[in-house]
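Visitor: First the structure, which I've put down as structure tokens, then a few questions once you've had a look.
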Amino acid sequence: MSLAEVKERIEKACKEAGRAPSSVALVAASKNQALDRIWDVLDHGHRIFGENRVQEAERRWPPLRAKYPGIKLHLIGHLQTNKVKEAVQLFDVIQTVDSAKLAETLRNEMDRQRRPLPCFIQVNTGEETQKGGVSPRELEKLYGFCKDLQLRVDGLMCIPPHDQIPDMHFALLHKLSLELGIKQLSMGMSGDFETAIRYGATHVRVGTALFGVRENAKAV
Ligand SMILES: *Cc1c(COP(=O)(O)O)cnc(C)c1O
């Protein structure tokens, strides 16, 4: 699907939900995609991208940033505390804060680099043991901790379980955001971004629908 087609579908979903198309940002999830596909999307004017791994982003994005001004890079994969320094250097938004330790490490590093980045807290709405994210029950506590640290939390993010209908996960994330007064919601991927928009997504993370099948489908 082309960038224009994905944007059209986002616009249509917004209209159907009675929302302004400008209220949803498309985060192009570029992990494991060939560079020429990324160039193509950049050449069509798109500037918001999501990467999963610090190392892959480190290789790829500094030269692209030099060539294409205005890029906003979101970290959408799990962040280990030993990669926080590089992550704060490279990214513009961290979507995957999921522990007090990570929040604290990020806050310290942002101070050190004088780069106070906006963050999202990742919520493990399906309570899957292998998945990152704070459990819904622990969210309020982690959010309070971030507030005390003055770490800027703008949103919540979730990745619903593969084998479930995403609706209840999107609805839960929306409900949690209302309870806590958090404004942004990163949810919805290639297969379900229109559904996510119905439930209030402000950021949809779209990979394969935009770029095609990933080169190394394993490294999700
Ligand atoms: C890969 C990935 C996406 C995009 O998934 P697609 O199904 O290819 O659109 C979105 N979010 C996260 C966190 C991802 O890892």
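Visitor: Mind checking the range 166-220 for GluC sites (Glu not before Pro) that DSSP puts in a loop (not H, G, I, E or B) and that have at most 15 other Cβ atoms within 10 Å? Numbers along the way, then the final one.
Guide: On the way: sites: 179, 194, 215; in loops: 215.
Qualifying residues, ordered by number: 215.
Visitor: Something else about it: List the pair-distance distribution P(r) of the range 75-220, using every Cα-Cα distance, as the percent of pairs falling in each 10 Å bin from 0 up to the bin containing the longest distance, rounded to whole percents.
Guide: The calculated distribution, bin by bin, is 11, 42, 35, 11, 0.
Visitor: Ok, one more. As an exercise, use a Förster radius of 35 Å and the Cβ-Cβ distance of residue 100 and residue 179 to find the FRET efficiency, rounded to the nearest 0.05. It would help to have the intermediate numbers written out before the result.
Guide: Numbers: r = 20 Å, r/R0 = 0.56.
After rounding to 0.05, the efficiency reads 0.95.
Visitor: Starting from 0.36 nm per residue, how many nanometres of slack lie between residue 81 and residue 15 once their C-alpha separation is accounted for? Please list the in-between numbers first.
Guide: Values: separation 66, 0.36 × 66 = 23.76 nm, distance 4.04 nm.
So the chain would gain 19.7 nm between residue 81 and residue 15.
Visitor: Hey, another quick one. Can you tell me, using C-alpha contacts under 8 Å and at least 6 residues apart, the relative contact order of the range 1-150 as a whole percent?
Guide: Working: 187 pairs, mean separation 22.6, N = 150.
It comes to 15 percent, rounded to a whole number.
Visitor: As an exercise, use a Förster radius of 45 Å and the Cβ-Cβ distance of residue 137 and residue 92 to find the FRET efficiency, rounded to the nearest 0.05. Mind dumping the intermediate values first?
Guide: On the way: r = 30 Å, r/R0 = 0.67.
Given R0 = 45 Å and the Cβ-Cβ separation, E is 0.90.
Visitor: Dipole magnitude of the chain about its Cα centre, charges +1 at Lys/Arg Cβ and -1 at Asp/Glu Cβ only, in debye to the nearest 20? Intermediate results must be reported in sequence, preceding the final value.
Guide: On the way: 32 positive and 28 negative charges, 117 e Å.
Dipole about the Cα centre, nearest 20: 560 debye.
Visitor: Something else: Within the range 3-211, how many Lys pairs that are eight or more residues apart, or on different chains, come under 18 Å at the alpha-carbon?
Guide: Close lysine pairs under the 18 Å cut-off: 15.
Visitor: Please state the charge dipole magnitude for the range 94-213, taken about the Cα centre, from unit charges on C-beta atoms (+1 on K and R, -1 on D and E), reported in debye and rounded to the nearest 20.
Guide: Working: 14 positive and 15 negative charges, 97 e Å.
It works out to roughly 460 debye.
Visitor: Quick check: pseudo-label points 7 Å beyond the Cα along Cα→Cβ at residue 1 and residue 171, how many nm apart are they?
Guide: The two pseudo-label positions are separated by 2.4 nm.
Visitor: Restricting to DSSP H runs of at least four residues, report the calculated mean residue ellipticity at 222 nm for the chain, -39500 (n - 2.57) per run over all residues, nearest 500 deg cm²/dmol. Mind showing how you got there, number by number?
Guide: Values: 9 runs with 93 residues, N = 220.
Here the helix-only value at 222 nm equals -12500 deg cm²/dmol.
Visitor: What is the sum of charges around residue 157, taking Lys and Arg as +1, Asp and Glu as -1, for the other residues whose C-beta is under 11 Å from the C-beta of residue 157? List each step's numbers first, then the result.
Guide: Details: positive: 205; negative: 98, 154.
Net local charge, residue 157 excluded: -1.
Throughout, read-outs are computed from the coordinates displayed, never taken from laboratory work. Since the model is a prediction, treat every value here as computed from it, not as a measurement. Quick reminder, even Gly has a Cβ in these numbers, built from the backbone with ideal geometry, and neighbours come from all protein chains shown.
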